[in-house]
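To start, the structure under review is shown below, and the notes come after it.
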Amino acid sequence: EAQVTQNPRYLITVTGKKLTVTCSQNMNHEYMSWYRQDPGLGLRQIYYSMNVEVTDKGDVPEGYKVSRKEKRNFPLILESPSPNQTSLYFCASSLRAGGYYEQYFGPGTRLTVT
Amino acid sequence: AQTVTQSQPEMSVQEAETVTLSCTYDTSESDYYLFWYKQPPSRQMILVIRQEAYKQQNATENRFSVNFQKAAKSFSLKISDSQLGDAAMYFCAYIRDKIIFGKGTRLHILP
């Protein structure tokens, strides 16, 4: 089954404790991205990757890191999480960048930083 | 910079009635894509409908249709014969080089 998977689905952590949210897709997609969703703000893009080893900042990259060492994986790293990073996070992928190709979203990761 | 505005944070509609969700956007580009996504309580993002800016014909998917007014930079979603399963958050999105989402409209369906 074609899908985007994220792990963990739920995470409660404390300020300053490094964490990684994994994202994996099995569709051989070139384009992958991370979003955060906050009430009243919609989805905002954190980072995106056009292909392996190519990543770029989205609209809200501060406090986050990403890597794209393999085509299928695009982990989101919070080196020192803070309470303002409490949010719902989505990973998405598409065959290539641009609206012609449908975005496939993962199920979301609910992160709480205390 | 591109922006997407959904001016209705919440809306309600009676079951079986028709409802229209509004979306306006700002861009200086002529070639782009517009999307409506549905997010039910499960939080899954579901593509509802897509419109290519160079196509004048409005997109339609079963009970869902759009009114795309390129000059006015307007992209509204019409849901006909509303069903209880349509209750969700709806997001409008603009895609060209970047993906810009609106803040969403929460749609309630009244039985």
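What follows is calculated from the coordinates using simple rules that are stated; it is not laboratory data. Please read all numbers here as calculations on a predicted model, not as lab measurements. So basically every Cβ, Gly included, is an ideal-geometry build from the backbone, and we count neighbours across all protein chains shown.
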Subject >> Reduced Cα scattering model of the stretch B:45-88, Debye log10 I(q)/I(0), q = 0.14, 0.16, 0.19 Å⁻¹ >> reply: -0.36, -0.46, -0.62
Subject >> Relative contact order, percent, chain A [alpha-carbon distance under 8 Å, six or more residues apart] >> reply: 36 percent
Subject >> ³J(HN,Hα), Karplus 6.51/-1.76/1.60, whole Hz, each residue of the stretch A:13-23, x for Gly, Pro >> reply: 9, 10, 3, x, 8, 3, 9, 10, 9, 8, 9
**OP:** Enter the mean number of other protein chain beta carbons within 10 Å of the beta carbon of each residue in A:92-100, as an integer.
**Re:** 4
**OP:** Run through the DSSP bridge list for the protein assembly as shown and note the antiparallel percent, rounded to the nearest 5.
**Re:** 90 percent
Original post:
Regarding chain A, what is the average projected area of its C-alpha convex hull, in nm²?
Top reply: 6.6 nm²
Subject >> Volume per residue of the C-alpha convex hull in the stretch A:1-61, rounded to whole Å³ >> reply: 125 Å³
**OP:** Provide a whole-number value for the mean count of partner chain Cβ atoms within 10 Å of the Cβ atoms in peptide A:65-75.
**Re:** 0
**OP:** Place +1 on the Cβ of every Lys and Arg and -1 on the Cβ of every Asp and Glu in the stretch A:11-96, take the dipole about the Cα centre, and give the residue among A:T15, A:S82, A:V52 whose Cα lies farthest towards its positive end.
**Re:** A:V52
Original post:
Across the residues of B:101-110, average count of Cβ atoms on other protein chains within 10 Å?
Top reply: 2
Subject >> chain B pair-distance distribution - Cα-Cα, 10 Å bins, rounded % >> reply: 15, 50, 29, 6, 0
Original post:
What do you get for Rg/Rh of the protein assembly as shown when both radii come from the Cα atoms and Rh is the Kirkwood radius?
Top reply: 0.97
**OP:** Pull up all non-local amide H partners of B:H108: gap of 5 or more, or a different chain, and H-to-H distance under 5 Å with H placed in the peptide plane.
**Re:** B:M11, B:S12, B:V13
Subject >> Electrostatic dipole magnitude of the stretch B:31-70 [Cβ: Lys, Arg +1; Asp, Glu -1; Cα centre; debye, to 20] >> reply: 140 debye
Original post:
Magnitude of the Cβ-charge dipole of the protein assembly as shown, K/R +1 and D/E -1, about the Cα centre, nearest 20 debye?
Top reply: 500 debye
Original post:
Cα centroid distance between the stretch B:76-107 and the stretch B:1-75, in Å?
Top reply: 6 Å
**OP:** Any chance you could check the Cα centroid distance between the stretch A:1-55 and the stretch A:87-114 for me, in angstrom?
**Re:** 6 Å
Subject >> Leading residue at positive end of dipole, chain A (Cβ point charges), from A:G63, A:L41, A:V4 >> reply: A:G63
